[in-house]
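Below: one structure, written as structure tokens.
The values are calculated or read from the model by the stated rules, or taken from the named source; none is laboratory data. For clarity, every value in this text was computed on a predicted model and none was experimentally measured. Cβ coordinates were reconstructed from backbone atoms using ideal geometry, including for glycine residues, and neighbour counts include every protein chain displayed. Keep in mind that these areas ignore ligands, DNA and RNA; they rest on the heavy atoms of the full protein, side chains included. Shrake-Rupley method; radii C 1.70, N 1.55, O 1.52, S 1.80 Å.
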Amino acid sequence: MKQNHNDEGEVRTPGTPVSPYEPDIVWDLDGYPMNAKYPPDVERYGSSFHGYPTDERETIFYHFAVQSYDLTFKYKGKTYYAVSDVDHVALCDEHFTKEYEVYPNANAFIENFKIDGRPLIELIDELEDVEPV
């Protein structure tokens, strides 16, 4: 099996989790982290959005889930904030200090955080101003 090493000599075996807190974030064939649960498709969508069809999907599935950026987005005029920590992700206030709902990781937040009874994953294409922070 192909293995890659970072500058510090760390082995990055494709398909192995990057972190125990993010089991769906694994090393790809080139030694970069990727979202195995919601993988990019560079052949289909190109590389403009890291292999995702839209900027919103890139921000949520790559910047938020893979790179652990905090997230802001709007839905029906209301702004939402999510903070990404080492061992969890949480819906939070606009200052990213008070946590309201906690999830084990970003993919769990994407699948289980609900607005108007619908999970975020179903709303992605309806979101506005989706930004990594």
**Asked** Does the stretch 100-120 hold any residues that are out of contact with any helix residue (DSSP H, G or I) (no Cβ under 8 Å at 6 or more places or on another chain) and more than 13 Å from residue 88 (Cβ to Cβ), and which are they?
**Response** 116, 117, 118
**Message:** I want to confirm something. Restricting to the stretch 1-17 and keeping residues that are within 20 Å of residue 51 (Cβ to Cβ) and open to solvent by 60 Å² or more (accessible area, probe 1.4 Å), which single residue is modelled with the lowest pLDDT?
**Reply:** 2
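One residue is enough: does the stretch 100-118 have a residue meeting the conditions of a type in the set (Gly, Ala, Ser) and part of a helix (DSSP H, G or I)?
Checking the stretch 100-118: at least one residue is of a type in the set (Gly, Ala, Ser) and part of a helix (DSSP H, G or I).
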**Asked** residue 121 passes all but one of (1) surrounded by 18 or more Cβ atoms within 10 Å (Cβ to Cβ); (2) without any contact (Cβ under 8 Å) to a residue 40 or more places away in the chain; (3) under 12 Å from the mean Cα position of the chain (by Cα); which number fails?
**Response** (1)
**Request:** Examine the stretch 36-45 for a residue that is open to solvent by less than 40 Å² (accessible area, probe 1.4 Å) and either modelled with pLDDT under 95 or not in a loop (DSSP other than H, G, I, E, B) (or both), and state whether such a residue exists.
**Result:** no
**Request:** List every residue pair whose Cβ atoms lie under 7 Å apart, where the two residues are 6 or more positions apart in sequence or sit on different chains, the first residue falls within the stretch 85-105 and is open to solvent by less than 30 Å² (accessible area, probe 1.4 Å), and the second residue, located anywhere, is assigned to a strand (DSSP E or B) and of a type in the set (Asp, Glu).
**Result:** 90/99; 90/101; 91/101; 92/99; 105/22
**Request:** Would you mind finding the one in 54, 79, 59 that is open to solvent by less than 30 Å² (accessible area, probe 1.4 Å), at pLDDT 95 or above, in contact with an Asp or Glu (Cβ under 8 Å, 6 or more places away or on another chain) and of a type in the set (Val, Ile, Thr)?
**Result:** 59
